[in-house]
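These notes concern the structure reproduced below.
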Amino acid sequence: MANNQELDELLSAISNLLNLPAAQQLLQLNSNTCERAYEAYVLSLCVEAVRRAGGTAELKGILSGPNPNPVVLRGAPGSMASRNQNFAFASCALRNKQFEFHVDVEYQGTSGAPHEIDVSMCDEAHAEAVRNTNGRPKADGNKLLMAFECKFYESTPGVGLGRTFVGLISDCGALRFKAFVANLTSEKLGLYFSKSS
Amino acid sequence: MILTEDDAAKLLHSMLNLLQSSSAREVLDGIEESRRLGIEELLPEQKGLELKQVARTRRRPPTNVELVQIVLERLHQRLVVLPTLASAISKRLGAQDVLWRVDTEFVSTDRFPEARLSDLSPDSVDNLMLAFAEIRKLIPVQTIERV
């Protein structure tokens, strides 16, 4: 049991923390910004993984080409071919494979229905065809290679998004890799995925 | 420091008031959602035929002590994890700054306001992390989800 002095010290420490200007700024962030930041973090992990495996990864802007400054990422799901902003993607090569990582791009599933994929790995030739035709990428064959659902939870994780993810990947053909990536662990989600995978 | 339910109730009252006065609306929403989802726990060991017919888990409301842990976890994600993510993104992508913009043909900027990476790494963020670590020394992390 805490005595009154200990409790007062704790309350004072929490008050000091929450009144710091940096804390005020972070506490007022829009949750959509937190979600987008988490996706960018997963993109950066993918880029790092390619480099560690001996490959190359370079950011490109759809309008400006290599090394865009600033780097512009999608703040909401959209078209891979959109030129309304200088949206960036990671152009990668590993051994004799060329591919790209994209954030928040819409794909057409095997059923024909559109799906938003938080972080995706797409075959480079297919991505170029999409940009050249202003079309939509497909999630079948060897076009969409990996799909990551990213979630920055602000509350206890439930299984709802896990169910959505299982439905999404069932419409994506033969993915080489798929993952549900989150900032918090959840035994409930673990149990659900162990059953559905 | 070991908190009783009464201690935790006082602490919760103060923390939620501070968050309200900080206009941390979405953090408060997340805490409320966690309260609504409750705590999953295993049923105690019992014998009997009926127990074989039901699931071994149930949901109950969080205690005050558990809610304090939930609030501290939400604060940890906002105040410690987000700036750490921002630093990792900047380092790995080699980008001075990252902007999040929408395709305005389809999406309103009212709903998805433009944001930048520097929003997640404010000045003196190191002091913030130290201050949070001090609080965590006083109230260590407890795992509360039991399923």
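Checked against the criterion of being surrounded by fewer than 18 Cβ atoms within 10 Å (Cβ to Cβ) and touching a residue at least 12 places away in the same chain (Cβ under 8 Å), the candidates A:Leu94, A:Leu73, A:Leu45 yield just one match: A:Leu94.
In segment B:9-50, what residues are farther than 27 Å from B:Leu79 by Cβ and exposed (fewer than 12 other Cβ atoms within 10 Å of the Cβ)? Show your work before the answer.
To start, the set of residues in segment B:9-50 that are farther than 27 Å from B:Leu79 by Cβ comprises B:41-50.
Passing the criteria: B:Leu42, B:Leu43, B:Pro44, B:Glu45, B:Gln46, B:Lys47, B:Gly48, B:Leu49, B:Glu50.
Summed over segment A:162-188, residues that are within 14 Å of another protein chain (Cβ to nearest Cβ) and either farther than 29 Å from A:Asn142 by Cβ or among the polar types (S, T, N, Q) (or both) total 6.
When segment A:112-132 is limited to residues that are within 24 Å of A:Thr164 (Cα to Cα) and loosely packed, with under 15 Cβ neighbours inside 10 Å, the one that is nearest to the chain's Cα centre (by Cα) turns out to be A:Pro114.
Taken as a whole, segment B:84-105 holds no residue that is surrounded by 15 or more Cβ atoms within 10 Å (Cβ to Cβ) and more than 30 Å from A:Cys46 (Cα to Cα). The set of residues in segment A:102-111 that are of a type outside the set (Ser, Thr, Tyr) and either outside any loop (DSSP other than H, G, I, E, B) or crowded, with 22+ Cβ neighbours inside 10 Å (or both) comprises A:His102, A:Val103, A:Asp104, A:Val105, A:Glu106, A:Gln108. Among the candidates A:Gly190, A:Gly135, A:Gly167, the residue that is surrounded by fewer than 16 Cβ atoms within 10 Å (Cβ to Cβ) and assigned to a loop (DSSP other than H, G, I, E, B) is uniquely A:Gly135. Considering (1) touching a Gly at 6+ places or on another chain (Cβ under 9 Å); (2) farther than 30 Å from B:Arg78 by Cα; (3) not polar (S, T, N, Q), the lone condition that A:Phe89 does not fulfil carries the number (2). The set of residues in segment A:47-69 being farther than 26 Å from A:Asn134 by Cβ and charged (D, E, K, R) consists of A:Glu48, A:Arg51, A:Arg52. Among the residues of segment A:138-164, the ones that are modelled with pLDDT of 95 or more, over 30 Å from B:Val71 (Cβ atoms) and part of a loop (DSSP other than H, G, I, E, B) come to 2 in all.
Selection of segment B:8-38 for residues being among the small types (Gly, Ala, Ser) and out of contact with any strand residue (DSSP E or B) (no Cβ under 9 Å at 6 or more places or on another chain) yields B:Ala8, B:Ala9, B:Ser14, B:Ser21, B:Ser22, B:Ser23, B:Ala24, B:Gly30, B:Ser34.
Can you find a residue that is within 30 Å of B:Asn17 (Cβ to Cβ), of a type in the set (Gly, Ala, Ser) and crowded, with 18+ Cβ neighbours inside 10 Å anywhere in segment A:20-35?
yes
The values are calculated or read from the model by the stated rules, or taken from the named source; none is laboratory data. Just so we're clear, the structure is a prediction, and the values are computed from it rather than from any experiment. Note that each Cβ is placed from the backbone with ideal geometry, even for glycine, and that neighbours are counted across all protein chains shown.
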